[in-house]
Amino acid sequence: MDRHNTKKISRILAAVVSAFFAAVAVAGYSRTEDLGQLLLFLGLSAFSYLLVIFIFKGIDKLLDSVDDREH
């Protein structure tokens, strides 16, 4: 349940951050042809997506605890 309407924001922000690292991966690979660099930044792209989602879940829990105190 998304009581604070943060799910859509978190998905969009996660996709933007992830796309940035994926673009850096492709640009870096096309310039250096270093497969290790490509894999590193693609892994960082996936990790950043999960990290943003995790942070927003924490924000939701914090907002829920604030809401519970008010009632």
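Shape annotation for the chain: C-alpha extents along the principal axes are 58, 16, 14 Å, from largest to smallest. The trypsin sites (Lys or Arg not before Pro) of segment 1-44 that DSSP puts in a loop, and whose beta carbon has at most 14 other beta carbons within 10 Å, are Arg3.
We did not get these values from a lab; they are worked out from the coordinates using the rules stated. Predicted model, so just to flag it, every value in this text is computed and none were measured. Neighbour counts run over all protein chains shown; Cβ positions are idealised from the backbone, glycine included.
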